Structure formats: C-alpha cells, structure tokens
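The values are calculated or read from the model by the stated rules, or taken from the named source; none is laboratory data. Since the model is a prediction, treat every value here as computed from it, not as a measurement. Cβ coordinates were reconstructed from backbone atoms using ideal geometry, including for glycine residues, and neighbour counts include every protein chain displayed.
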Amino acid sequence: MPPLPSELAYVPFVSVQHMMNLVHHLGIETVLRALADEIEADFKRWEMFDKTPRVASHSEVGVIELMPTSDGEMYGFKYVNGHPKNTREGLQTVTAFGLLADVNTGYPKLLSEMTLLTALRTAATSAMAARHLAPKDASTMAMIGNGAQSEFQCLAFKAICGIDTVRLYDTDPAATAKAARNLVGHGLDVIPCTSAEDCIEGAQMITTCTADKQNATILTDNMIGPGVHINAIGGDCPGKTELHRDILMRSSIFVEYPEQTWVEGEIQQLDRTHPITELWQVIAGHATGRTSPTQITLFDSVGFAIEDFSALRYVEGAIKGTEFFTMLDMLADPDDPRDLFGMLQRSTA
Ligand SMILES: NC(=O)c1ccc[n+]([C@@H]2O[C@H](COP(=O)([O-])OP(=O)(O)OC[C@H]3O[C@@H](n4cnc5c(N)ncnc54)[C@H](O)[C@@H]3O)[C@@H](O)[C@H]2O)c1
C-alpha cells in the first residue's frame with residue numbers, strides 16, 4: 001500500500017453540488033449581497049491588481065477564455081467559454097471553473113466550479129454597478145434575454161438595488177416561461193412580455209442578457225427614454241453587441257477594464273476617443289456616476305478577472321468550517337522537494 005499523499009498535496013475543491021449546497025445554506029440573496037460587497041471592495045483597490053485583457057481563443061462557434069489577475073498576495077484565474085449555439089444542442093452557453101493560488105509559494109489554495117459562481121458574480125457586479133449609476137428610486141427592471149443568467153440578475157437587483165418588479169422578454173417564449181416559473185416565491189412581481197418594446201415599458205433599469213454570435217440590435221435608440229440605466233451584459237466578444245450605436249452616443253458609458261471593453265464591449269462600435277468612465281473610479285470617488293435624473297447611464301459589462309478573483313476569495317472564506325468542499329490530491333509533494341522522480345519510482349499502481 002503506497003503512503004498517503006502529504007497534507008500539502010491537498011487542495012480544497014468546491015464541486016457544483018457543493019456550490020449549490022453553499023448557496024442554499026446561506027440563501028441566494030445573502031450570497032449575492034456578500035459578493036457585491038467583495039467585488040466593490042476590490043474595485044476600490046483596483047490599482048493594486050495586475051490587470052490584462054483576458055486571453056481569448058475564438059472559433060466560428062464560440063470563444064474559450066482565460067481570465068487571470070493578482071493582488072500581489074493571491075493569484076486567480078478563470079477558464080470560461082461562450083458558445084451561443086450550445087443551447088440548441090442541449091449544452092450551456094457559458095461554463096467555467098477557476099483557481100486561487102498563494103503568490104508567495106505559487107501553491108493552489110482553492111479549485112472551484114465557476115459556472116454557477118459566474119452567474120452569481122455577474123449578477124452581483126451588475127447590481128453593484130447599478131447601485132452607483134441607476135436612478136435611486138428604480139423599482140422595475142426589464143430583463144431581456146431569459147436564459148441561464150437571467151434569474152440571477154433579477155434576484156441581485158432585488159437584493160442589492162431593492163427592485164420589486166421584473167418584466168421579462170426573450171425571443172423564445174419557453175425561456176420567459178422558465179424564468180417566470182423559477183422566480184415564483186422570490187418576492188418579485190414578474191411580468192412576462194411579448195416584445196422588447198412591451199418589456200421596457202415603465203422600467204427604470206434595462207438589462208440585456210442575450211446570446212448571439214453577431215452584432216444584434218436588442219434595443220434601438222427610440223426605445224430609450226431619459227433617466228434610464230442600461231445594464232448591457234450579453235455583448236462581450238468582438239463582433240457581438242446588443243445596443244444600437246445611437247444609444248451609446250446618448251449615454252454616459254461606464255466600463256470595467258477599457259483595454260478589454262474596447263475590443264469586446266458595446267463600445268467596440270465607437271471611436272476610441274469617445275469618453276468613457278472606468279467604474280472603479282466612480283466607486284473609489286475619483287469620478288462621478290449619475291449626475292442628473294435625465295441622464296442615460298450604461299454599464300457596458302463584459303466581465304473582468306477581478307470580479308472572479310473576488311468571487312473565488314469569497315468562496316474560500318465561506319466554505320471554512322463547512323462540509324461544502326472536498327480535498328483533492330492535486331499537488332505532487334515529494335518528501336525531498338527535488339526527488340519528484342523518486343516519488344514516482346517508489347509509487348506502485
Ligand atoms: N458580462 C458578463 O460578465 C457576462 C457573464 C456571463 C455571461 N455573459 C453573456 O451573457 C449572455 C447570456 O448568457 P446566458 O448564459 O444567459 O445565455 P443563454 O444562452 O442561456 O441565454 C440567452 C438567451 O437570450 C435569448 N435571445 C437571443 N437573442 C435574443 C433577442 N434578440 N432578444 C431577446 N432574447 C434573445 C435566447 O433565446 C436565450 O434564452 C451571453 O452572451 C454571455 O456571453 C456576460
């Protein structure tokens with residue numbers, strides 16, 4: 001019988017089942033609020049992070065991306081894909097997993113599923129941004145695109161921004177019916193709609209979260225009245241946008257990391273001299289967010305590595321003292337650090 005791996009070999013692993021158990025244990029709105037606070041705190045210390053646009057490998061049908069960052073103490077990365085055609089094949093558009101590591105040793109500290117965690121962190125980031133940008137009395141959100149991310153978005157805007165009503169629209173009525181069903185009992189008035197125009201009626205906030213591998217026009221200029229906050233989630237790849245360019249021309253635009261958003265966000269439609277504001281600057285008090293009740297604010301979200309780092313660090317803390325992880329024998333740890341081969345040689349099948 002070969003010796004058991006040393007303690008250093010083990011890395012906590014949060015499976016999909018663990019993540020679901022953790023969210024149920026804590027309550028989804030508690031998790032969303034906590035994630036928003038973690039992400040906001042990290043946006044406040046934005047300058048401390050290593051930042052780089054994500055490394056994207058595009059194909060004709062989708063994209064596979066690596067999203068790394070570090071605050072000097074911890075390093076994190078996420079593997080994530082985006083394949084809009086996948087749902088037609090019974091697969092998800094977005095799946096993900098990620099890792100946190102200790103910068104001092106380079107040893108991994110956490111491996112986690114991130115498909116659920118991405119939906120949670122995206123929703124928490126959206127609502128956190130809206131907390132700074134949306135009209136203060138906003139109570140109704142239009143949710144266009146009722147796929148995997150949509151219920152998470154609705155609940156984050158309830159938990160973090162205090163909305164009480166969501167209006168749902170998707171080109172596929174089955175997706176709207178699914179979202180409406182899932183939102184029953186969560187304390188929101190849910191209004192299914194049959195067109196994008198109907199959906200935005202009376203909404204102070206509009207979230208677009210559609211998946212299409214091309215430039216789409218989910219919202220046209222004539223649909224957007226003064227004072228609205230737009231949370232644009234689905235345009236997040238080169239050649240994949242959701243808003244008509246004229247809306248951008250009338251909006252105050254807030255982005256995560258400009259180097260990435262110019263390539264992937266709605267602003268890929270604009271000249272690079274067009275004024276944009278980095279969201280972290282608003283959060284840190286260096287720039288203004290909403291300045292008037294008639295201003296149209298747009299959070300041109302593509303998703304940035306720091307949000308995943310914050311989410312992983314939150315999970316690392318949240319699982320401590322719980323059963324919501326297993327230890328994986330993930331790291332070869334020979335007794336003599338230089339005798340890796342000897343470790344292999346002495347082991348038996
Ligand atoms: N910004 C971020 O941080 C972030 C994070 C995660 C996902 N995303 C993006 O969000 C989008 C949605 O992700 P998902 O996992 O919910 O995808 P999904 O495939 O599960 O859902 C997308 C929905 O959009 C609907 N749709 C497509 N075209 C439409 C249109 N013209 N009008 C209305 N509805 C339309 C589809 O019918 C589908 O129900 C994707 O594009 C994904 O890349 C962004």
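Results, tabulated for the structure shown:
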read-out: Conditions (1) touching a residue at least 12 places away in the same chain (Cβ under 8 Å); (2) part of a helix (DSSP H, G or I); (3) within 12 Å of the ligand (Cβ to nearest atom); number of the one not met by GLY234; value: (2)
read-out: Qualifying residue in segment 329-338 (condition: assigned to a helix (DSSP H, G or I) and either more than 29 Å from THR95 (Cβ to Cβ) or assigned by TED's automatic domain parsing to the domain that holds MET143 (or both)); value: no
read-out: Matching entry among THR291, THR322, THR326, THR297 (being outside the structural domain of GLY72 (by TED's automatic domain parsing), surrounded by fewer than 21 Cβ atoms within 10 Å (Cβ to Cβ) and of a type in the set (Val, Ile, Thr)); value: THR291
read-out: Leading residue by the ranking (farthest from the chain's Cα centre (by Cα)) among those in segment 206-231 that are small (Gly, Ala, Ser) and within 8 Å of the ligand (Cβ to nearest atom); value: ALA216
read-out: Residue list for segment 112-131, restricted to those being of a type in the set (A, V, I, L, M), surrounded by fewer than 24 Cβ atoms within 10 Å (Cβ to Cβ) and either more than 9 Å from the ligand (Cβ to nearest atom) or more than 12 Å from the chain's Cα centre (by Cα) (or both); value: LEU116
read-out: Residue count for segment 139-153, restricted to those that are more than 9 Å from the ligand (Cβ to nearest atom), assigned to a loop (DSSP other than H, G, I, E, B) and closer than 13 Å to TYR169 by Cα; value: 0
read-out: All positions within segment 248-297 that are charged (D, E, K, R) and under 23 Å from ARG54 (Cα atoms); value: GLU256, GLU259, GLU264, GLU266, ASP271, ARG272, GLU278
read-out: Qualifying positions in segment 250-272 - hydrophobic (A, V, I, L, M, F, W, C) and either without any contact (Cβ under 8 Å) to a residue 24 or more places away in the chain or more than 23 Å from HIS286 (Cα to Cα) (or both); value: TRP262, VAL263, LEU270
read-out: Check on GLY303, within 16 Å of the ligand (Cβ to nearest atom) and assigned to a loop (DSSP other than H, G, I, E, B); value: yes
read-out: Residue satisfying all of: in segment 64-91; touching a helix residue (DSSP H, G or I) at 6+ places or on another chain (Cβ under 7 Å) and not hydrophobic (A, V, I, L, M, F, W, C); farthest from the ligand (Cβ to nearest atom) among these; value: GLY72
read-out: Residue among ALA156, ALA134 that alone is more than 21 Å from PHE49 (Cβ to Cβ), more than 14 Å from the ligand (Cβ to nearest atom) and crowded, with 24+ Cβ neighbours inside 10 Å; value: ALA134
read-out: Any hit, segment 173-181, residues being out of contact with any strand residue (DSSP E or B) (no Cβ under 9 Å at 6 or more places or on another chain) and either of a type in the set (A, V, I, L, M, F, W, C) or buried (at least 24 other Cβ atoms within 10 Å of the Cβ) (or both); value: yes
read-out: Complete set of residues in segment 164-198 that are within 9 Å of the ligand (Cβ to nearest atom) and under 26 Å from PRO135 (Cβ atoms); value: TYR169, ASP170, THR176, ALA179, ALA196
read-out: Test: residue in segment 106-129 that is in the same structural domain as HIS18 (by TED's automatic domain parsing), among the small types (Gly, Ala, Ser) and part of a strand (DSSP E or B); value: yes
